[in-house]
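Step one of this worksheet: look at the structure below.
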Amino acid sequence: MMRSVDVARGLRGVRPVRVLFVCLGNICRSPAAEGVMRSVVAERGAEDRWVIDSAGTGDYHIGELPDRRMRVHAARRGYELTHRCRQVWEGDFEDFDLIVAMDGQNERNLRRVAPTPEAEVKIVRMGDFVRHLATRYDHVPDPYYEGAEGFELVLDMLEDGCRHLFDIVEGSEE
Ligand code: 4NP
């Protein structure tokens, strides 16, 4: 499980570090992760050292803004989500250093898209970076069929996980 942390540690010398967040629809969890990560990076004045994007394994919502519920919950915390949904593809394994899956299904789907075994090494799990709530969840649960609590849970987990990921890659944490 901590392989994800080791892979992130391996990026300490890499700048810019290019991170792609991936979920199923690319309208709830991964665009929120992108927005939260952009905010963490801006807070620390590290915009020139990070490239951040998101994508979905599915193709149901291509071109759409994030789900309205996700945008509302994110906006309350100060995140404006303007990403347009796109599907993950083989070339993403060339364009990004770290590909962060929200759950096990995303991870399995990403392994099928990876063009080579070396590319597969870039796939990590968001849950491995989340310390808060880690005793209850090892993945970021899909909020699509949930109520408000589901969206708040996702944001709580992403805020913790993105900060941790930043600290690991920037070397400010063991
Ligand atoms: P996401 O949530 O993977 O966090 O973006 C979902 C959004 C849409 C669907 C599934 C999950 N869908 O099946 O349309």
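Quick look at the values:
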item	result
Odd one out for Leu11 among (1) near the ligand (Cβ under 8 Å from one of its atoms); (2) at negative phi; (3) surrounded by 14 or more Cβ atoms within 10 Å (Cβ to Cβ)	(1)
Tabulated pairs, the range 41-59, first assigned to a strand (DSSP E or B), second near the ligand (Cβ under 10 Å from one of its atoms) and among the polar types (S, T, N, Q), C-beta under 8 angstrom, 6+ apart or interchain	Ser54/Asn26; Ser54/Ser30; Ala55/Asn26; Ala55/Ser30; Gly56/Asn26; Gly56/Ser30
Filter result for Val22 (within 14 Å of the ligand (Cβ to nearest atom) and closer than 16 Å to Lys122 by Cα)	yes
Index of the failed condition, Asp128 passing every other in (1) assigned to a loop (DSSP other than H, G, I, E, B); (2) in contact with a Gly (Cβ under 9 Å, 6 or more places away or on another chain); (3) not hydroxyl-bearing (Ser, Thr, Tyr)	(1)
So Met37, is it touching a strand residue (DSSP E or B) at 6+ places or on another chain (Cβ under 7 Å), part of a helix (DSSP H, G or I), crowded, with 22+ Cβ neighbours inside 10 Å and at negative phi	yes
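Here, each number is a calculation from the coordinates, and none is a lab measurement. Owing to the predicted nature of the structure, the values given are computational and were not obtained by experimental measurement. No Cβ is skipped: glycine too gets one built from the backbone with ideal geometry, and neighbour counts run over all protein chains shown.
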